[in-house]
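*Asks:* Take a look at this one; I'll ask things after.
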Amino acid sequence: MAYDPQALQDHWGEALARDLETVFGPHALEDARVADHMYKAAKLDVVPERWLPVAQYLRNTPAWSFDYLNDLHAVDLGGEFRVNYFLESFTHGHMLAVSVTVPRDNPRVPSVTEIWPTADWHEREAYDLFGILFVGHPNLKRILLPEDWEGHPLRKDYAPKDKEVKQ
């Protein structure tokens, strides 16, 4: 992609979506929405199979330089889980929200800890509370609950065993 500073400043979210579709093909993104408001934020939905190379591209491509993962959290949607990543480019002053949706019966997402080290504890928290497996994580174990805790308490199908918890 030709680097056009003015186009990136004015409509960088649209340019990013076009660039990703050019590099990774039309099926890498499930959706792309642009909210070029005061936060200069954009939103992408990436298919799980393409997430790791897309993440590497977002971090390492000078036109984008998303060098910081600000936050990561998960949502139980019933039949599937959504993992939301919030990225920032300090170089360009942009913020990007990326969602990766995985099926409930196979909640696996590639770990991005080698790309953004700040993902480490965020991925462990999502694993602990939702049971989402971050494939390739260097130390994927519980971070908030004891290792012998049964289940993942933020899942909609979680059934607490203690009477005190149920009340």
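*Asks:* For the stretch 112-129, state whether one or more residues are touching a helix residue (DSSP H, G or I) at 6+ places or on another chain (Cβ under 8 Å), touching a residue at least 40 places away in the same chain (Cβ under 8 Å) and over 29 Å from Ala15 (Cα atoms).
*Replies:* First, the residues of the stretch 112-129 that are touching a helix residue (DSSP H, G or I) at 6+ places or on another chain (Cβ under 8 Å): 112-113, 115-116.
Subset that is touching a residue at least 40 places away in the same chain (Cβ under 8 Å): 112, 115-116.
Subset that is over 29 Å from Ala15 (Cα atoms): none.
Taking every residue of the stretch 112-129 in turn, none turns out to be touching a helix residue (DSSP H, G or I) at 6+ places or on another chain (Cβ under 8 Å), touching a residue at least 40 places away in the same chain (Cβ under 8 Å) and over 29 Å from Ala15 (Cα atoms).
*Asks:* Tell me yes or no: at least one residue of the stretch 110-129 is more than 15 Å from the chain's Cα centre (by Cα), on the phi < 0 side of the Ramachandran plot and not polar (S, T, N, Q).
*Replies:* The initial filter retains those residues of the stretch 110-129 that are more than 15 Å from the chain's Cα centre (by Cα), namely 128-129.
With the extra rule that they be on the phi < 0 side of the Ramachandran plot, the set shrinks to 128-129.
With the extra rule that they be not polar (S, T, N, Q), the set shrinks to 128-129.
There is at least one residue in the stretch 110-129 that is more than 15 Å from the chain's Cα centre (by Cα), on the phi < 0 side of the Ramachandran plot and not polar (S, T, N, Q).
*Asks:* Given the criteria closer than 30 Å to Lys156 by Cα and not acidic (Asp, Glu), does Val47 qualify? Before you say what the answer is, go through the steps one by one.
*Replies:* On the way: closer than 30 Å to Lys156 by Cα: yes; not acidic (Asp, Glu): yes.
Yes.
*Asks:* If I filter the stretch 59-80 down to residues being without any contact (Cβ under 8 Å) to a residue 40 or more places away in the chain and not in a loop (DSSP other than H, G, I, E, B), which single residue comes out as surrounded by the fewest Cβ atoms within 10 Å (Cβ to Cβ)?
*Replies:* If we take residues in the stretch 59-80 being without any contact (Cβ under 8 Å) to a residue 40 or more places away in the chain and not in a loop (DSSP other than H, G, I, E, B), then Asn60 is surrounded by the fewest Cβ atoms within 10 Å (Cβ to Cβ).
*Asks:* Follow-up question, since we're still on this one. For the stretch 106-131, which residues satisfy the criterion of being closer than 15 Å to Gly78 by Cβ and in contact with an Asp or Glu (Cβ under 9 Å, 6 or more places away or on another chain)?
*Replies:* Selection gives Pro107, Phe130.
*Asks:* Name the strands (runs of 3 or more DSSP E) wholly within the stretch 81-136 that hold at least 1 residues that are farther than 15 Å from Val46 by Cβ?
*Replies:* Numbers: elements: 94-103, 108-110, 133-135.
Result: 94-103, 133-135.
*Asks:* In the stretch 20-31, what count of residues is obtained for those that are surrounded by fewer than 18 Cβ atoms within 10 Å (Cβ to Cβ) and not in a loop (DSSP other than H, G, I, E, B)?
*Replies:* Qualifying residue count, the stretch 20-31: 6.
*Asks:* Would you be able to say whether some residue in the stretch 114-130 is among the aromatic types (Phe, Trp, Tyr) and under 25 Å from Ala32 (Cα atoms)?
*Replies:* First, the residues of the stretch 114-130 that are among the aromatic types (Phe, Trp, Tyr): 116, 121, 127, 130.
Pick out the ones that are also under 25 Å from Ala32 (Cα atoms) and you get 116.
Yes, there is a match, as at least one residue in the stretch 114-130 is among the aromatic types (Phe, Trp, Tyr) and under 25 Å from Ala32 (Cα atoms).
*Asks:* How many of the residues in the stretch 81-94 are under 12 Å from Trp64 (Cβ atoms) and surrounded by 14 or more Cβ atoms within 10 Å (Cβ to Cβ)?
*Replies:* 5
*Asks:* Now for a different question. Quick one: Asp105 ticks every box in (1) in contact with a strand residue (DSSP E or B) (Cβ under 7 Å, 6 or more places away or on another chain); (2) closer than 20 Å to Gly131 by Cα; (3) loosely packed, with under 14 Cβ neighbours inside 10 Å except a single one, so which number is it?
*Replies:* Status for Asp105: all satisfied but (1).
Taken together, the values in this text are just the output of simple stated rules run on the coordinates, not laboratory data. This structure is a prediction, so every number in the text was calculated from the model and none was measured. Don't worry about glycine lacking a Cβ; one is built from the backbone with ideal geometry, like all the others, and counts go over all protein chains shown.
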